[in-house]
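Participant: Take this structure first; my questions come after.
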Amino acid sequence: MAETSTLFTTLLMQGFAGMSLFSVLLLMALGLAIIFGQMGVINMAHGEFMTIGAYTTYIMSTFAEAHGFINQYFILALIAAFAIAFAAGYLLEYLLIRRLYKRPLDTLLATWGVSLVMQQAFREIFGAREVSPALPEWLTGSYQPAPGIDLPVSGLMVLVLMLVVTFGVWLMMYRSRWGIRVRATTQNRVIADAVGINTKRVDRITFALGCGLAGIAGAAFTTIASTGPTTGSLFIVDTFLVVVFGGAASLFGTIASAFTIAQAQSGLEFLMTGSMAKVITLVSVVLILMMRPEGLFSVKVRK
Amino acid sequence: MPKKLLSHWITAKNRSDLINLALLALLLLVVLPLALDIFRLNLVGKYLTFAFVAVGLVLCWGYGGILSLGQGIFFGLGGYCMAMFLKLEASDPVSTAIQSTPGIPDFMDWNQIKALPWFWEPFHSFSFTLIAVLILPTLFAYLIGVAMFKRRVGGVYFAIITQAIALILTVLIVGQQGLTGGINGITDLKTLLGWDIRTNSARYILYYINAALLLGGIVFSRWLLSSKLGLLLVALRDKEERVRFSGYDVANLKIFTFCVAALFSAVGGAMFTLQVGFMSPSFVGIVPSIEMVIFTAVGGRLSLIGAVYGALLVNFGKSYFSETFADLWLYLMGALFIGVVLFLPNGLAGLFREPRQTWLLIKHTALMLVAKLRPARLRPEGK
């Protein structure tokens, strides 16, 4: 009896570790699902927008420590991370992306260049060493629903944040006038233009929103790991795979694929080394994509 | 065949190509070896191995419209095949007598591996190695190509999948330290069939072999592009559906081109190992693969010869700036990516080929700047 319960708690803890990875991956992928899935723009600098969010949180925490509101800062940091990443995304769209909508492969190269510049800028401003913000007290403890089960509060917080943000994105995309405009623009740009939608404005806001979501992902990321100049770029390929694997333009697909990939990876990590777990997960994803290129859940869009 | 090849070259349209190729050959075979000492020439040789990849990318990206972000995979496979052979030669039982298991590569011994893994065994043979360098990466490209192009996956998705494969291969190599040498790669390579590759004369010979292979590759690609296949490639890049409806198997065309590009990269990788004396995962992953694309983009994605200059210039820039202003290099590299895509979609070759267009571009930009800088009160009303 005692052994089964140990096994159970181990499995539960393992599943929870997978849930934390799932949350961060999904937060990252949501922004990309909007930018890549809806607009078809490849933003290789998406990881750097996450890093912007993480560094914003770091700055906020240092500021909060100096002024004594460390317990309340995290909510402010989330808002600031979103706002700054949103503004940076808006600027990037205005300066660069809008000139390249007709050349998706070139967008990929240009945004890779942007990511290099941003990484070097981070390195010069914040240094090459990884930093992590001071966590407020309520985020550092752990929650014990039963003896032997130890769930870190920060992981729970990331989970809740993920649920809230996903719900928000769903509301915006499928239950708001703005969402209708975005989907109309995706499905048929010319007709959308003709019925009076300002498609250029929709493009700009959509791109900026995707970047803002990456900023939130970055803020959430600081609670479970430390941030360095290249943190974002480590996630970029995984995030793209999540979106492609789920089926572009499908919110549900993105959630399902982030869940599958995260659980597979953290489950396999339990059985073997981290690098082999990653290799097996990615190989499976690539093989499935080769058999089913449209992803798990594809939405039929007239091109 | 050679006669037909020649007649292809000497038409009025191709005369300038021929002159450019002759100039490149003169530069690589005469000017650089005379002007540079062997250390610098060896560096040029190293850059020229990247030019193989760049030339392959001109074929598959510039003409075929297939952007592969995983050319490092094939460069690495070619390089690793060669490195495995050289490493086995360097780890004979006599010179590794100090190890707990003599006769296996040193990094295996450090990782407590007692016997040579099975996939290392055939690399005792030089002829097997040569065949592996040529066949293995091409076969891998064929498999990827069949899986992707037969299902009509292309464009952006192909780029992401190839990038993911490059990542997988890097993680695998780094993770399996005992079998692959891990993050350090396969180092301390000394002789090729008893011939010391570290001496100056060996370096000269390898440089010339490398340059000759590269020029041969360019001539071969030029011939390929001037054949019907070249026409079809351009046609399918611009209107894939129309080529398909004309009855051509678009997938096979793409697979073939991708395989040729992979073969070029593999030869480059093998020559890299021979000239530089090691191979490591830092030439396999995402970052090197995408850097190889920028060599092609800078040189001009439609110019075989431009790609060589692109590889040389970007690498010279990289080694110059990372020696003198290390911090500046990433900014410059980033600006290069953005600038080339925005302002020079046909790279340096585009500047060279269309001087009139270039002049118009400069004039246009200058006028725009003047218009923007002019004080507001001088501008026409309402602006």
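The values are calculated or read from the model by the stated rules, or taken from the named source; none is laboratory data. Computed from a predicted model, the values in this text were never measured in an experiment. For neighbour counting, all protein chains shown are included, and Cβ atoms are generated from backbone atoms with ideal geometry for every residue, glycine included. The protein model used for the area step is the full one, side chains on, heavy atoms only, and it has no ligands, DNA or RNA in it. Shrake-Rupley method; radii C 1.70, N 1.55, O 1.52, S 1.80 Å.
Participant: Would you check which residues across segment A:110-131 are surrounded by 15 or more Cβ atoms within 10 Å (Cβ to Cβ) and either away from chain B (no Cβ under 11 Å) or touching a residue at least 40 places away in the same chain (Cβ under 8 Å) (or both) and list them?
Facilitator: If the condition is that a residue be surrounded by 15 or more Cβ atoms within 10 Å (Cβ to Cβ) and either away from chain B (no Cβ under 11 Å) or touching a residue at least 40 places away in the same chain (Cβ under 8 Å) (or both), then A:THR111, A:TRP112, A:VAL114, A:SER115, A:MET118, A:GLN119, A:GLN120, A:PHE122, A:ARG123, A:PHE126, A:VAL131 are the ones that fit.
Participant: When you go through A:VAL190, A:VAL164 one by one, which is the residue that is closer than 23 Å to B:GLY155 by Cβ, free of Cβ contacts under 8 Å to residues at least 60 places away in the same chain and either open to solvent by 40 Å² or more (accessible area, probe 1.4 Å) or part of a loop (DSSP other than H, G, I, E, B) (or both)?
Facilitator: Every option except A:VAL190 fails the conditions.
Participant: Another question, then. Is it the case that some residue within segment A:72-90 is of a type in the set (A, V, I, L, M), open to solvent by 30 Å² or more (accessible area, probe 1.4 Å) and within 14 Å of another protein chain (Cβ to nearest Cβ)?
Facilitator: The answer is no; no qualifying residue exists.
Participant: Which of (1) without any contact (Cβ under 8 Å) to a residue 12 or more places away in the chain; (2) surrounded by 15 or more Cβ atoms within 10 Å (Cβ to Cβ) is the odd one out, the single condition B:THR199 does not satisfy?
Facilitator: All conditions pass for B:THR199, except number (2).
Participant: Only one residue in A:THR281, A:THR273, A:THR206 is farther than 20 Å from B:ILE160 by Cα and either touching a residue at least 60 places away in the same chain (Cβ under 8 Å) or surrounded by 19 or more Cβ atoms within 10 Å (Cβ to Cβ) (or both), so which one is that?
Facilitator: A:THR206
One line per residue, one yes/no per condition, for (1) within 30 Å of A:ILE125 (Cα to Cα); (2) open to solvent by less than 40 Å² (accessible area, probe 1.4 Å):
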position	(1), (2)
A:ILE197	no, yes
A:GLY218	yes, yes
A:THR231	yes, yes
A:ILE261	no, yes
A:ALA277	no, yes
A:LEU287	no, no
A:MET291	no, no
A:GLU294	no, no
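Participant: Between B:GLY334, B:GLY306, which is modelled with pLDDT under 95, surrounded by 24 or more Cβ atoms within 10 Å (Cβ to Cβ) and part of a helix (DSSP H, G or I)?
Facilitator: It is B:GLY306.
Participant: Considering only residues that are closer than 30 Å to B:LEU274 by Cβ, modelled with pLDDT under 90 and under 23 Å from the mean Cα position of the chain (by Cα), which ones fall in segment B:160-180?
Facilitator: B:THR180
Participant: Scan segment A:105-122 and give yes if some residue there is of a type outside the set (A, V, I, L, M) and not in a helix (DSSP H, G or I), otherwise no.
Facilitator: No; the residues of segment A:105-122 include none that is of a type outside the set (A, V, I, L, M) and not in a helix (DSSP H, G or I).
Participant: Name the single residue, out of those in segment B:312-321 being at pLDDT below 90 and surrounded by 15 or more Cβ atoms within 10 Å (Cβ to Cβ), that is nearest to A:ILE125 (Cα to Cα).
Facilitator: B:PHE321
Participant: Condition first: buried (at least 20 other Cβ atoms within 10 Å of the Cβ) and either free of Cβ contacts under 8 Å to residues at least 12 places away in the same chain or not in a strand (DSSP E or B) (or both). Now tell me which residues in segment B:176-190 satisfy that.
Facilitator: B:THR180, B:GLY181, B:GLY185, B:LEU189
Participant: Which pairs have Cβ atoms under 7 Å, sit 6 or more apart or on different chains, and link a residue in segment B:150-164 that is at the interface with chain A (Cβ under 7 Å from one of its Cβ atoms) to one that is β-branched (Val, Ile, Thr) and buried (at least 24 other Cβ atoms within 10 Å of the Cβ)?
Facilitator: Pairs found: B:VAL156/A:ILE42; B:TYR157/A:VAL244; B:ILE160/A:VAL244.
Participant: Now a separate question. Out of B:PHE123, B:PHE119, B:PHE107, B:PHE140, report the one residue that is part of a helix (DSSP H, G or I) and within 14 Å of another protein chain (Cβ to nearest Cβ).
Facilitator: B:PHE140
Participant: Here is a follow-up. Looking at B:LEU360, B:LEU330, which one is within 9 Å of another protein chain (Cβ to nearest Cβ) and free of Cβ contacts under 8 Å to residues at least 12 places away in the same chain?
Facilitator: Exactly one residue qualifies, and that residue is B:LEU330.
Participant: Still on this model: Do we find that B:VAL156 is open to solvent by 30 Å² or more (accessible area, probe 1.4 Å) and in the same structural domain as B:MET279 (by TED's automatic domain parsing) in this structure?
Facilitator: no
Participant: Just need a number here: residues in segment A:40-71 that are open to solvent by 40 Å² or more (accessible area, probe 1.4 Å) and in contact (Cβ under 8 Å) with a residue 12 or more places away in the chain.
Facilitator: Here the count works out to 6.
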